[in-house]
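The block underneath contains the structure these notes are about, expressed in structure tokens.
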Amino acid sequence: MPEQRERIYVTGHRHPDTDSVAAAIAYAFYKRAMGYRAVPCRLGPVNAESRYLLERFHFREPELLEDARVRLLEIPLDPPTGITKDTTIFDCMQKMQETGKTYCGVTGGDGTLIGLVTKSDIAVIGLGDTATSVDIMARTPVSNYARTIDGTIVYDDEKVHVNGKVSIIAMTGRENLSRYVIRDRIVIVGDDPAAQEAVIRAGAGLLICVWTEHVGEKVLEAAQECHCPIILSGHGSMNTSRYLYFAPAVSSIMKTALVTFGENELAEDVGAKMLRSRYHVYPVVDQDRHLVGYVSRYHIMNAKNKQIIMVDHNEFAQSVRAIEKARVLEVIDHHRIGDFASVSPVAFRNEIVGSTATIVATIFRENQIPIPENLAGLLLGAVLSDTMNFHSPTTTPRDRDTANILAAIADLDIETFAREMFAVTSSTEGKSIREMMDQDMKIYDIRGCKLSISQVVVTSAKSYARDETGSIQAALDRFAAKKQMNLAVMVFSSILENGSVIYAAGERAPWAMEIFPGNEDVHGFHEGVLSRKQQILPQLTEVIERYL
């Protein structure tokens, strides 16, 4: 059985079209059937046609993949062990022992991170001079002391007067009390009522009795008169004296000037930032500063960038950001082979067909994996979309045969289904020119010439040549200038009219108009031109290479 822990991201190209989306969903389904943890992804918003098909066949939109490098939220961090600022140092220490960690994040009531306590902070209390703890001991509530020493509060007083210093006179007779400084101190005594009363009347701030089960009435009366709380300890004098110093709240020792990382930060960026500090662990927070875990150098050293399967593209320029740093496992495509390169061997399947969905459906049949009815419908939509209902010159007999098989599985009539689907595709109502430009755009670099080709399927391409020329050209000019495109091409294709109208902008625009000239104006109708891959891109590539 393949490794289950690491995800495999199956993704199409930027500006995803229906073939890209459907191929990612279907191939991820196939990989899961083969035992892999594969998830379909998209690199941008889905277009209206894809959304229609996803809704019709009850598929969720693939998750958005923004970067091939791994983020903190995608690696197994240490769990978000947290305490509140009122937790005692002793309880914090116990929690560290339970979890086997040397740190605890301190969170507010809403879960936001406000501080961090480490064993080093606690060691200052446990191993340092007791004088360093006087101030925080003076501010510690009586209830904290009782909880820390497993004690019982016999008497408490609002006017408690503790200076934070501790005296142990548990085995000293009352006749020797004059030797000790007692006023306002925490005093530990034994089971001697007379000594207990004498200590209280000598001005003790807090009386802690060890080896004592009961406190007499005279002692209680003295405590009330002198405003001295009394605690019966659950430990002997030695442990009682030790544990008292861990009774203050962690707010008194926690660090608040923290180096933290956001869960969406890239692991490689986090690693670089870690080099500028020497902490062994760092809290990780979400956008609202809620604690989500802890990261250390160990996590970063073991983090690996994403495993990617590229479908419906093979050029890095059309893929996810930082694809060159990913572990590309496979490529399933039907386009030209561009700038693809890999460090490790890759399963590369590139076939001369009209749709990637045709290849994916073939892979299902080759491996005898049944295609569910709704997935067959989605793949059929992708085949019809990319072949423009078999009108595109890229269409092959395999596309037609595959479409017939998928239609039979999905119980669909191809012509009826195609009309319904293209009714959605051809609708440009409410869409701006820029929105239409972005919905199916591919970007290429040909001999240093930056080229973009957008294709929009419409009911009538001729109407765009006649009615929309000014607004389209202006929008395309703005896009080319903003994105620094040497040549930006926009193609309006009509299946019903069996042709396209082609616009161009940028400093190389005359080159496009040279191979796609107009008749009465520069934006003429080009009959039979429907395929970006087989008709438009090759001719543009030829003219660019000729001039450059």
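The values are calculated or read from the model by the stated rules, or taken from the named source; none is laboratory data. None of the values given here were measured: they were computed from a predicted structure. Quick reminder, even Gly has a Cβ in these numbers, built from the backbone with ideal geometry, and neighbours come from all protein chains shown. Accessible surface areas use protein heavy atoms only, side chains included; no ligands, DNA or RNA. Shrake-Rupley method; radii C 1.70, N 1.55, O 1.52, S 1.80 Å.
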Pick out the one residue from I323, I409, I352 that is farther than 23 Å from L54 by Cβ and open to solvent by 60 Å² or more (accessible area, probe 1.4 Å).
I352
For I200, all conditions in the list (1) open to solvent by 50 Å² or more (accessible area, probe 1.4 Å); (2) in a helix (DSSP H, G or I); (3) touching a residue at least 24 places away in the same chain (Cβ under 8 Å) hold save one; what is the number of the exception?
(1)
Please verify whether I231 is farther than 30 Å from P345 by Cβ, touching a residue at least 12 places away in the same chain (Cβ under 8 Å), part of a strand (DSSP E or B) and open to solvent by less than 30 Å² (accessible area, probe 1.4 Å), treating the condition exactly as stated.
yes
For Y103, which of the numbered conditions (1) within 30 Å of V458 (Cβ to Cβ); (2) open to solvent by less than 20 Å² (accessible area, probe 1.4 Å); (3) of a type in the set (F, W, Y) fails to hold?
(1)
Is it the case, given these coordinates, that K255 is open to solvent by 30 Å² or more (accessible area, probe 1.4 Å), over 45 Å from the mean Cα position of the chain (by Cα) and among the basic types (K, R)?
no
For the structure I just gave you, tell me whether Y503 is assigned to a strand (DSSP E or B), of a type outside the set (A, V, I, L, M, F, W, C), open to solvent by less than 20 Å² (accessible area, probe 1.4 Å) and over 23 Å from I352 (Cα atoms).
yes
Can you tell me which of (1) among the hydrophobic types (A, V, I, L, M, F, W, C); (2) open to solvent by 30 Å² or more (accessible area, probe 1.4 Å); (3) within 40 Å of the chain's Cα centre (by Cα) is the one M490 doesn't meet?
(2)
Taking region 423-442, which residues are over 29 Å from V320 (Cβ atoms) and part of a helix (DSSP H, G or I)?
A423
Among the residues of region 373-395, which ones are in a loop (DSSP other than H, G, I, E, B) and touching a helix residue (DSSP H, G or I) at 6+ places or on another chain (Cβ under 8 Å)?
T387, N389, F390, S392, P393, T394
Conditions (1) open to solvent by 10 Å² or more (accessible area, probe 1.4 Å); (2) in a helix (DSSP H, G or I); number of the one not met by A28:
(1)
Charged (D, E, K, R) and buried (at least 20 other Cβ atoms within 10 Å of the Cβ): which single residue out of D269, D312, D286, D339 fits that description?
D312
Taking into account only those residues within region 375-391 that are open to solvent by less than 10 Å² (accessible area, probe 1.4 Å) and touching a Gly at 6+ places or on another chain (Cβ under 8 Å), which is nearest to T358 (Cα to Cα)?
V383
Would you tally the residues in region 110-145 being among the charged types (D, E, K, R), open to solvent by 60 Å² or more (accessible area, probe 1.4 Å) and in a helix (DSSP H, G or I)?
2
Residue check, D445 part of a helix (DSSP H, G or I), charged (D, E, K, R) and surrounded by fewer than 19 Cβ atoms within 10 Å (Cβ to Cβ):
no
